[in-house]
Amino acid sequence: MDLSSESASKRIAVLRSTIEQANAAYYLHDSPFLSDTAYDSLMQELRQLEDSFPQLASPDSPTQKVGIRGNVPFAAVSHRLPMLSLDNAFSLQDLKTWEERLSRLLGTAVQTDMEYVCELKMDGLSVSLTYLNGLLVQGATRGDGITGEDITANLLTLSSLPRQLKTRPAASLFDTNSSPSLIEVRGEVYMRHDEFQRINALLEEQGGRTFANCRNAAAGSLRQKSPQVTAARKLDFMAYTLGAYEGMEFSFQTQLLHTYAEWGLPVSPYSTLCKGIDQVSEFVEKWREQRESLPYDTDGVVIKVNSFALQQELGAVSRSPRWAVAYKFPAQQVRTRVEQIEIQVGRTGALTPVAVLTPVNVGGVTVSRATLHNEDEIRRKDVRIGDIVMIQRAGEVIPEVVEVVVSERIGTEKEFLFAQNCPICGSQAVRSEGEVVWRCPNASCPARIQQALEHFVSRNAMDIEGLGAKQIEQLLHNGLIQDASDIYSLSIEVLLPLERMGEKLANKILQNIDISRSRPMERFLFALGIRHVGERAALLLAQRMESLENILQTDTSTLAAIPEIGPATAGEIVAWFSDEHNRNLLRKLEANGVRPVPSALTLQSSKMAGKTIVFTGTLNTLRREEAENWVMQHGGKPGSSVSRQTAFVVAGDNAGSKLQRAKELGIQVVSEEEFLRMMQN
């Protein structure tokens with residue numbers, strides 16, 4: 001990147017701060033606010049800056065650490081050997097590139113029959129178990145990879161975890177059924193789908209906040225102060241690697257897994273020895289199709305070099321071993337039935353049709369509702385009540401209906417008639433010329449007010465965990481809050497009388513409210529709920545305007561000149577910030593200590609200003625998220641489809657219809673290598 005040392009230092013500070021906040025949310029609060037891809041992109045940028053400016057590197061940087069040290073009242077545990085994370089692969093080409101890297105490191109061509117062990121990647125919480133002479137004496141979380149938290153009492157409640165290994169006195173170092181004098185067994189604590197559904201149903205019945213997915217449920221259940229709470233939630237354990245060990249030797253990963261099984265430790269029945277990267281690819285493809293048949297969540301495949309001697313020769317970097325890689329599965333599409341279609345009232349009055357579905361697991365999350373966007377979309381896709389449909393969900397994206405399986409209609413399906421009135425306040429719905437959305441025009445509609453507040457505290461906005469829909473509904477009903485600024489005046493005396501509110505939850509909510517006072521600028525702008533200002537527009541505003549003061553003093557023409565904002569959005573922004581009621585809200589928020597921090601994706605140049613760049617095919621060097629973030633940091637927009645407005649298309653391996661469309665329209669096509677040169681220059 002073409003940055004001065006001073007600019008790089010400032011950018012590195014912002015990145016480190018953002019990543020540390022993300023680590024705290026993920027590891028300490030089990031409530032991530034960044035998707036995996038966004039997190040990976042920020043880490044990649046930080047690595048590049050530290051490589052370009054080695055004088056700014058620091059041993060305390062997130063690039064040099066794994067996870068984060070806990071702040072809950074568990075005793076600290078020092079791991080005898082670090083618990084590392086894994087580098088990721090997102091395509092079969094990535095796996096081949098990884099194998100080529102192994103070849104370079106070993107100084108010889110990797111043989112076609114090179115042995116790898118493929119294991120399903122569990123989506124849970126990594127732990128380390130210390131056995132002395134076969135007896136479990138301590139269990140710890142991964143923590144920051146060097147120091148974890150002592151959760152022995154909670155781990156002892158797991159029925160699948162043996163307290164005593166099934167071993168006998170050693171006959172020799174290589175006697176794998178013997179009892180080692182010391183061994184750190186490492187694996188994953190996870191929650192099965194049926195238990196996840198049971199726990200969430202119970203929490204919902206009690207008025208508590210439900211878990212988003214099995215991983216959060218497992219982590220939240222295991223890191224409880226009371227072992228009784230952990231015991232009440234049926235967690236499972238699966239062993240897959242080891243840390244320090246004494247009193248015996250291992251030569252292969254397959255041998256280790258076999259030994260674990262003989263000792264009574266749970267291991268995956270699906271782990272497979274593969275010869276060559278082609279067999280690895282076959283294993284990956286098989287489980288990409290079959291993972292929905294599993295009773296627990298898996299988000300990929302871990303591939304390890306089988307030989308421990310080669311593992312030792314390959315070694316590790318600061319955060320991850322070179323001899324292993326995690327292949328991440330792509331987003332999924334699944335089938336389910338539309339049981340009903342309801343109308344949801346949004347914060348701007350938008351009346352959005354939502355399909356109520358037969359619950360189905362999509363990418364590790366149970367989905368029972370999916371957006372149908374608007375009346376025209378229902379007509380275009382011809383979605384009817386009773387239809388079998390394909391739905392998809394990727395990352396934080398709201399589940400949506402992709403298509404109707406028309407061939408499975410039996411004649412009892414019913415067309416949906418869009419009502420002309422708000423289902424909450426009864427106001428006559430309006431549809432402005434040129435728009436596809438019907439709206440409730442009543443600014444005092446109870447649903448609009450509640451939706452606005454729910455949006456403000458939501459994860460991608462101010463992320464105030466614990467303050468959910470039910471709590472906001474009670475606060476509004478009792479007249480305890482009227483707008484977002486009132487949230488920052490809440491006290492424990494106000495919260496405790498609420499239904500199903502205990503002192504612990506109330507203190508947690510207040511702590512999260514306090515943390516939210518310093519969210520990045522783009523998240524604060526998004527939280528305000530300005531019409532047409534989604535996450536992308538909020539990011540552009542944060543990048544270009546830098547502060548609320550600048551936005552307050554600007555005009556429509558200045559905002560409209562920002563690529564992608566345009567006159568309509570600019571008009572909505574100026575109107576919002578010109579409204580005295582909204583200005584008063586901003587003053588009250590500031591008075592309550594709400595002060596947004598600079599954007600984590602600051603604008604670095606305008607070299608891509610006004611340009612839409614579409615990526616297609618497999619990128620071998622860059623991750624897609626990294627490339628798209630670079631485009632945004634230089635004023636451009638990553639596009640999802642090719643049109644005459646596309647500036648150029650970056651084509652990787654196996655590019656398909658987008659490349660063909662670019663050729664038909666005469667749109668410039670560049671290779672990944674050419675795009676890399678643009679980035680470097």
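Read-outs: derived from the displayed coordinates by stated rules, not from any lab. All figures in this text were calculated on a predicted structure; none of them were measured in a lab. Methodologically, a virtual Cβ is constructed for each residue, glycine included, from the backbone with ideal geometry; neighbour enumeration extends over all protein chains shown.
Points worth noting:
- Calculated SAXS-style log₁₀ I(q)/I(0) at q = 0.16, 0.22, 0.26 Å⁻¹ - segment 567-608, Debye, Cα scatterers: -0.68, -0.89, -0.90
- With N counted as the residues of segment 446-591, its alpha-carbon radius of gyration over 2.2 N^0.38 Å works out to 1.10.
- Derived from the Cα gyration tensor, the three semi-axes of the equivalent ellipsoid of segment 348-484 are 29, 21, 13 Å, largest first.
- When the P(r) is computed for segment 560-681, the part past 17 Å accounts for 65% of the Cα-Cα pairs.
- Cβ-based net charge around residue 382, under 11 Å, with every Lys or Arg adding one and every Asp or Glu removing one: 0
- Per the Kirkwood formula applied to alpha carbons, segment 459-544 shows a radius of gyration over Rh ratio, Rg over Rh, of 1.02.
- Measuring from each cysteine beta-carbon in the chain, the ones with no other cysteine beta-carbon under 4.7 angstrom are 118, 214, 274.
- Relative contact order [Cα under 8 Å, 6+ residues apart], segment 332-408, whole percent: 32 percent
- Per-bin percent of Cα-Cα distances, segment 237-380 [5 Å]: 2, 7, 13, 14, 14, 11, 9, 7, 6, 7, 5, 4, 1, 0
- Among the listed pairs 381/658; 234/414; 286/637; 611/663; 286/658, those with a Cα-Cα distance over 30 Å are 234/414; 286/637.
- Longest to shortest principal axis, alpha-carbon extents of segment 88-328, angstrom: 60, 44, 31
- For residue 470, a cut-off of 23 angstrom between C-alpha atoms picks up these lysines, skipping any fewer than 8 places away in its own chain: 504, 508.
- Square roots of five times the Cα gyration tensor eigenvalues for segment 201-315, Å: 33, 21, 12
- The local environment of residue 90, defined by Cβ-Cβ distances under 9 Å, has a net charge of +2 under the rule Lys, Arg +1 and Asp, Glu -1.
- Here is the list for segment 472-510: trypsin sites (Lys or Arg not before Pro) lying in DSSP coil, each with at most 14 other C-beta atoms within 10 angstrom of its C-beta, are 500.
- Within straight-line reach of residue 96, meaning a Cα separation under 15 Å, sit the following aspartates and glutamates at least 8 residues removed in sequence or on another chain: 87, 113, 115, 278, 282, 285, 653.
- Relative contact order, percent, the chain [alpha-carbon distance under 8 Å, six or more residues apart]: 10 percent
- In sequence order, segment 519-528 has phi-based couplings of 6, x, 3, 5, 6, 5, 4, 5, 5, 5 Hz under the Karplus curve 6.51 cos²θ - 1.76 cosθ + 1.60, θ = phi - 60°, and Gly or Pro positions carry x.
- Segment 88-328, relative contact order in percent, only Cα pairs under 8 angstrom and at least six apart counted: 30 percent
- Alpha carbon Rg of segment 458-506, scaled by the compact-globule rule 2.2 N^0.38 Å: 1.08
- Longest segment of the chain lacking GluC sites (Glu not before Pro) that sit in a DSSP loop with at most 12 other Cβ atoms within 10 Å: 1-414
- Each listed q (0.11, 0.17, 0.21 Å⁻¹) maps to a log10 I(q)/I(0) for segment 508-586, found by the Debye formula over equal Cα scatterers with no solvent: -0.28, -0.64, -0.93.
- Charge tally around residue 15: other residues with Cβ under 11 Å, Lys/Arg +1 each, Asp/Glu -1 each, net +1.
- Its alpha carbons give segment 612-680 an Rg and a Dmax of 10.9, 30 Å.
- Projected area averaged over orientations for segment 332-408, convex hull of C-alpha atoms, nm²: 5.0 nm²
- Stokes-Einstein diffusion coefficient of the chain, Kirkwood radius over Cα pairs, 25 °C, 0.890 mPa s, in µm²/s: 89 µm²/s
- Scanning the chain for DSSP H helices at least 20 Å long along the axis (C-alpha atoms) with a Kyte-Doolittle mean no lower than -0.5 picks out 5-23.
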